[in-house]
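Structure record follows, encoded as structure tokens.
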Amino acid sequence: MELNAFENSLLERADSARDRLPAWAEQLATAGAARFAQSGLPHRRLEAWKYTDLKSRLEAKRPEGAQGSRAAFHLGGALEVILTKEGMHTSAPLGEGVRIFPLNDALTKEPALLQKHMGTNKALQQDALTGLNTALMQDGFVLHLAQGVTLNRPIVLRVEVGEGEAPSFARNLIVLEEGASAVLIEDWAAPQSAPQLRHAVTEIMLADKASLAHVRVQDEKLEAAHLSLVAADLEAGAKYHQFALNVGAGLTRSETHVHLGGEGAHAELGGSFLLNGLQHCDTTTVVTHAVPNCTCREVFRGVMADRSRGVFQGKIAVAPHAQKTDAKMETRALLLSDRAEMDAKPELEIYADDVKCAHGATIGTLDEQSVFYLQSRGIPLPVARRMLIGAFVEDALDVVSDVDLQAALRAVIDQRLSRLEGVAG
């Protein structure tokens, strides 16, 4: 396949970047660059990208607008970790058995940990864009919890590296040893100097009975494209809860792959996207039940105003021997404009017979009778609409068990709702 000038420039950059990597990482980067060179950026002829025309969106004039500003995500009592070009800054000591490194430091200081885990997830080995990320990985973090360690408070992590027009590629690795437990919040709220394109790949390894609550808040500038892929491997009895809140960026693709590889593993995926103007948000999930007696739940809510477009692609795959699987997936979308659009494609791929699997998808508009009822009780129209939309989005927050974290996320949602066209009245 012939690559365009932008794609070739990325490959040239990858060639020059490999020299600084250790030998084992250089091999991964070389293989990743070769994979990208074969097919380039994803395009709509690929089934997984049929609703998101990445090439055209990157080449087109990026949307601009008064998005408003949001302060850094704050959660009372949390441990704050900030990664910058100058290094890593923490608001307090991490505690025994907890280690966080900037990726560049981990490549040389923790080679055994990275060699053991990085690039091993099968979901990453076929994707050309992830191959490019591997070839260009510069920024990012490594989080490691030793066996049996439980973080006594959440971590709020911000990656404040990369600026100017050059695309930024972050590579993250999260490893929780047996019985370890943590709550991690990634805050992506880029300043105006941030890159126009960010691509972040996060690999997660949860050993037996490990537990991770993972929240991602993305509120980047409207001119930006934010692409992320999370690939999680769960062993026996492990639990992974993810909530993704996407309210910023002109183009967003939030992709999650979960491999349930040990009996008794459980995954809960939830998320909300609130879109305005010409924003486009693609949420794609793949949950693979590879062994018996695993469970998963998915709940997503989308709100689209003006000419925005939402996408949900969810797939639950059950292997032939994965009996006693229990899996449910639900997505609902609310259109606030007759120009807004939502595409939903839920899928079940089942090769076992003793399973419980279900999916549902609905797309609709705000119930005007409910709006009228609230107005008849003296509630102003803008407040009534925000109340109903807020209640609609609230269902997806159930995946977040921490009450204080729920409240902090709700504050971001309320702020965004107040700016959506058709909500403010």
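Here, each number is a calculation from the coordinates, and none is a lab measurement. Bear in mind the structure is a predicted one, so any value in this text is a computation, not a measurement. In this analysis, Cβ positions are derived from the backbone assuming ideal geometry, glycine residues included, and neighbour counts consider all displayed protein chains.
Between residue 74 and residue 379, the modelled labels are 2.8 nm apart [label points 7 Å from Cα along Cα→Cβ].
How high is the FRET efficiency from residue 53 to residue 328, r the C-beta distance, R0 41 Å, rounded to 0.05? List each step's numbers first, then the result.
Values: r = 31 Å, r/R0 = 0.75.
Computed FRET efficiency for residue 53 and residue 328 comes out at 0.85.
Counting 0.36 nm for each residue step from residue 414 to residue 9 and taking away their Cα separation leaves a gain of 141.7 nm. Dividing the convex hull volume of the alpha carbon atoms of the chain by its residue count gives 140 Å³ per residue.
Of the cross-linked pairs 116/239; 85/221; 50/116; 116/328; 209/345, those separated by over 27 Å at the C-alpha level are 50/116; 116/328; 209/345.
Are there DSSP H segments in the chain that both extend 24 Å or more along their axis (alpha-carbon positions) and score a mean Kyte-Doolittle hydropathy of at least -1.0? List them, or say none. Once both thresholds are applied, what remains is 23-39.
Taking only the C-alpha atoms of segment 232-347, the Rg (one decimal) and the largest Cα-Cα distance, Dmax (whole number), read 15.4, 47 Å.
Once the C-beta distance of residue 407 and residue 358 is scaled by a Förster radius of 41 Å, the resulting FRET efficiency is 0.85 to the nearest 0.05. Here r is the Cβ-Cβ distance between residue 369 and residue 115 and R0 is 60 Å; the resulting FRET efficiency, rounded to 0.05, is 0.50.
A full extension of the chain between residue 146 and residue 24 corresponds to an added length of 41.5 nm, given 0.36 nm per residue minus the alpha carbon distance.
Which order, highest average first, do 141-151, 172-182, 366-376 follow once you tally other Cβ atoms within 10 Å for each residue and take the mean per peptide? Can you show the working numbers first?
Working: 141-151: 19.2, 172-182: 21.1, 366-376: 12.9.
Ranked by mean Cβ neighbours within 10 Å, highest first: 172-182, 141-151, 366-376.
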